Amino acid sequence: MATIRRDFLPEDFALVLAAAGVDAAIAVQADQSEAETEFLLGLAEGNRRIAGVVGWVDLQSPEIESRLEHFSRFKKLRGVRHVAQAEADDRFLARPEFVRGVGHLARFELTYDILIYPRQLPAAIELVRQLPDQKFVVDHLAKPEIKAKKIDPWASLVRELAANANVYCKLSGMVTEADWKNWKPEDFERYLDVVFDAFGAHRLMFGSDWPVCLVAATYAQVKNIVESYVDRHVRKAKSAIFGENVKRFYDVPSLWPA
């Protein structure tokens with residue numbers, strides 16, 4: 001992990017995006033604090049490369065409505081995420097107090113990013129079924145066990161989750177679930193087959209997981225895995241997966257670089 005134990009700031013980000021031919025991206029939280037959310041929003045202010053921010057607020061707090069009111073003045077706050085993968089309770093996402101908190105997001109036109117491991121998919125399915133008007137996106141394909149070459153029950157649960165029309169999926173985070181030093185592009189093929197079949201190209205979006213991806217691959221390598229798959233299987237959907245779906249899901253057309 002030494003590769004990523006340093007600060008990564010907009011100047012680093014701009015160089016990486018320019019080299020990869022990417023105009024802008026969404027910055028997503030890592031720390032469970034409002035301080036980081038404020039920090040990311042500060043970086044995004046006036047920065048055309050950061051089209052939006054997915055931050056963190058305490059969704060279980062009795063004060064959740066007032067906190068969302070507070071953050072509603074920041075136009076670039078487009079969604080919220082909780083690092084549910086780190087919760088000891090595999091049913092965390094289905095807790096009534098958590099569902100209640102997520103239930104307030106739609107009123108503020110905020111999305112919710114689902115960050116979980118496969119064992120937490122049943123709770124995620126319960127969450128999204130209770131909130132059909134809330135926009136959700138699954139980060140990192142829900143982290144299938146790629147290194148172990150395991151596909152079930154992840155595949156069947158992902159299909160069940162995708163049956164809810166309000167759920168999207170990010171094509172991201174695959175290299176860090178593979179063998180960091182010995183992965184091959186073909187390692188990801190059958191996992192991509194599942195999500196493309198389950199969600200359809202109109203509910204999928206490219207995500208880099210940069211800078212975390214650097215423990216296993218460069219930004220360019222991560223982009224190439226998805227780009228190569230799309231070029232071979234769904235070339236007509238390329239602009240959707242690498243931009244239009246992102247803009248539509250996070251509702252950022254007015255903020256995206258011209």
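The values are calculated or read from the model by the stated rules, or taken from the named source; none is laboratory data. Note that this is a predicted model, so its numbers are computed, not measured. Neighbour counts are summed over all protein chains in view; Cβ atoms, including those assigned to glycine, are modelled from backbone coordinates with ideal geometry. We work out accessible area using only protein heavy atoms, side chains counted, and drop any ligands, DNA or RNA first. Shrake-Rupley method; radii C 1.70, N 1.55, O 1.52, S 1.80 Å.
Starting from the alpha-carbon convex hull of region 1-148, give the projected area averaged over all orientations, in nm².
For region 1-148, averaging the hull's shadow over all directions gives 10.1 nm².
Once each part is reduced to its C-alpha centroid, what is the distance from region 170-206 to region 119-163 in angstrom?
13 Å
Projected onto the charge dipole of the chain (+1 at Lys/Arg Cβ, -1 at Asp/Glu Cβ, origin at the Cα centre), which of GLY46, GLN134, SER239 gives the Cα projection farthest towards the positive end?
SER239
Where the accessible area of region 1-126 is counted over protein heavy atoms with a 1.4 Å probe, how much of it, in %, is carbon and sulfur? Provide the component values of the computation, followed by the final result.
Numbers: 3100 of 6010 Å².
After summing per-atom areas, the C and S share lands at 52 percent.
Give me P(r) over region 43-121, computed from all C-alpha to C-alpha distances, binned every 5 Å, as integer percentages.
Percent of Cα pairs in each bin: 3, 14, 25, 22, 17, 11, 6, 2.
For a Förster distance of 41 Å, can you work out the FRET efficiency between the beta-carbons of GLU63 and GLU186, rounded to the nearest 0.05?
The value I calculate is 0.25.
Grab the alpha carbons of the chain, take their convex hull, and tell me the volume per residue in Å³.
Considering the Cα atoms of the chain, their hull volume per residue is 123 Å³.
Could you provide, to the nearest whole Å², the per residue accessible area of the chain with probe 1.4 Å?
Details: 11930 Å² over 258 residues.
For the chain, the per-residue accessible area is 46 Å².
Grab the Cα-Cα distance for ARG235 and ASP152, subtract it from 0.36 nm times how many residues apart they are, and report the gain in nm with one decimal.
My answer for the length gained is 27.1 nm.
Calculate, axis by axis, the spread of Cα positions in region 180-252 along the three principal axes, and write the results as whole Å, longest axis first.
Cα extents, longest axis first: 35, 25, 18 Å.
Based on the mean of other beta carbon atoms within 10 Å per residue, what is the order of 229-235, 196-202, most packed first?
196-202, 229-235
How about LYS181: which lysines have a C-alpha closer than 29 Å to its C-alpha, ignoring those fewer than 8 places off in the same chain?
Within reach: LYS143, LYS147, LYS149, LYS150, LYS170, LYS223, LYS238.
At a 1.4 Å probe radius, carbon and sulfur cover how many percent of the accessible area of region 175-245? Numbers along the way, then the final one.
Numbers: 1660 of 3280 Å².
That fraction is 51 percent.
To the nearest 500 deg cm²/dmol, what mean residue ellipticity at 222 nm is calculated for the chain from DSSP H runs of n ≥ 4 alone, each contributing -39,500 (n - 2.57), summed and divided by the residues? Please report the intermediate quantities before stating the final value.
Working: 9 runs with 88 residues, N = 258.
Value at 222 nm, helices only, nearest 500: -10000 deg cm²/dmol.
Post the alpha-carbon centroid distance, region 46-94 to region 221-235, in whole angstrom.
Cα centres, region 46-94 to region 221-235: 30 Å.
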